Amino acid sequence: TNILEAQQLYFSYPDGTQALAGLSVTIEKGSKVAILGPNGTGKSTFLLHLIGILKPTKGDIFFEQKKLDYRRASLQALRSRVGFVFQDPDNQLFSASVWQEVSFGPMNLGWSKEKVIEQVNLALDLTGTAHLKERPIHALSYGQKKLIAIAGVLAMAPEVIILDEPTASLDPQYTNHILKLLEEINSGGTTVIMATHDVDLAYTWADTLVVMKDGRVLKKGQPVEVFLDD
Ligand code: ADP
Ligand code: ADP
């Protein structure tokens, strides 16, 4: 079944740049999706539409077949179930310490203290960052910040996790760690959507490729199908 759907999205930035030009796509529940395309093709803009941070100039977003109406309550409900990891962790992390950062989301969901603690520990264990929990955010390396940004989202137990270029400017060790982690989360049933311009990564990691060009979807399918088509 479809968990997310975009129908004929058009979006222009205030300066007139058209970033999306009739983008339509469906995302199946439980899938591991790579949104592939060169820089500037609208990947980030599209992902920001999936959680309602950007509102299309024209077109609609559906979550579980229900059209997003952009009311505050609807956006809150959507974001409690769909997590987003920004490309630059400095745009995401704003707490003083790792523990505060990772517990912020689950606390906001109104869970009990026990449940929050359990979820934070789970997220820290999953990301292999338990040893960092007392650390101030500013003392973390770039790769560690990326992991904490992911942990903060995972702590909310989202059904879908969306990541914008999660491995960009990371060394191979961090890259592998994050890809394995996403694989594991996906095996647990979470839908994972990532934007990347890395063709090899997309091909080996994803079960579904969405190839974008000029603000539109060029092709969608299993990696083998999509590449054989070229
Ligand atoms: P990608 O993620 O594939 O690199 P983006 O969604 O970031 O692509 O960008 C799509 C297009 O929108 C590009 O032409 C980019 O320069 C433009 N763009 C992105 N952000 C802004 C912005 N805040 N204001 C104006 N234009 C923007
Ligand atoms: P380590 O955890 O081993 O000290 P880092 O996490 O600092 O390593 O760096 C991992 C990778 O991220 C390196 O390839 C580094 O060049 C890159 N990197 C570090 N800081 C930044 C930054 N602020 N922006 C983009 N890339 C960075």
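Things worth noting here:
- Condition met for Trp111 (touching an Asp or Glu at 6+ places or on another chain (Cβ under 8 Å), away from ligand 2 (no atom under 16 Å from the Cβ), more than 21 Å from Glu184 (Cβ to Cβ) and not charged (D, E, K, R)): no
The rows are residues; the columns are (1) of a type in the set (A, V, I, L, M); (2) within 24 Å of Leu124 (Cα to Cα); (3) in contact (Cβ under 8 Å) with a residue 40 or more places away in the chain.
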| residue | (1), (2), (3) |
| --- | --- |
| Phe11 | no, no, yes |
| Gly30 | no, yes, yes |
| Ile35 | yes, no, yes |
| Leu47 | yes, no, yes |
| Pro89 | no, yes, yes |
| Ser103 | no, yes, yes |
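- Restricted to strands (runs of 3 or more DSSP E) entirely inside segment 1-53, those with at least 1 residues that are more than 15 Å from the chain's Cα centre (by Cα) and under 23 Å from Leu179 (Cα atoms) are 18-28.
- Residue in segment 35-59 that is farthest from ligand 1 (Cβ to nearest atom), counting only those that are polar (S, T, N, Q) and at pLDDT 95 or above: Thr57
- Filtered by the rule that a residue be over 21 Å from Lys146 (Cα atoms), over 22 Å from the mean Cα position of the chain (by Cα) and surrounded by fewer than 18 Cβ atoms within 10 Å (Cβ to Cβ), segment 95-116 gives Gly110, Ser112, Lys113, Glu114, Lys115.
- Screening Ser169 on (1) farther than 26 Å from Phe11 by Cα; (2) away from ligand 1 (no atom under 16 Å from the Cβ); (3) not hydrophobic (A, V, I, L, M, F, W, C) shows it passes everything except condition (2).
- Residue list for segment 117-141, filter: in a helix (DSSP H, G or I) and loosely packed, with under 14 Cβ neighbours inside 10 Å: Asp125, His131, His138, Ala139
- Any hit, segment 61-78, residues being within 14 Å of ligand 1 (Cβ to nearest atom) and either loosely packed, with under 15 Cβ neighbours inside 10 Å or free of Cβ contacts under 8 Å to residues at least 24 places away in the same chain (or both): no
- Looking only at residues in segment 148-172 that are closer than 27 Å to Glu28 by Cβ and within 12 Å of ligand 2 (Cβ to nearest atom), the one that is surrounded by the fewest Cβ atoms within 10 Å (Cβ to Cβ) is Ala168.
- Against the conditions (1) within 30 Å of Trp99 (Cβ to Cβ); (2) among the acidic types (Asp, Glu); (3) within 16 Å of ligand 1 (Cβ to nearest atom), Glu184 satisfies every one except (3).
- The sole residue among Gln92, Gln87 that is within 14 Å of ligand 1 (Cβ to nearest atom), surrounded by 14 or more Cβ atoms within 10 Å (Cβ to Cβ) and of a type outside the set (Lys, Arg) is Gln87.
The values are calculated or read from the model by the stated rules, or taken from the named source; none is laboratory data. What you are looking at is a predicted structure, and each value in this text was computed from that prediction instead of being measured. Heads up, the Cβs are rebuilt from the backbone with ideal geometry, glycines too, and the neighbour counts pull from every protein chain shown.
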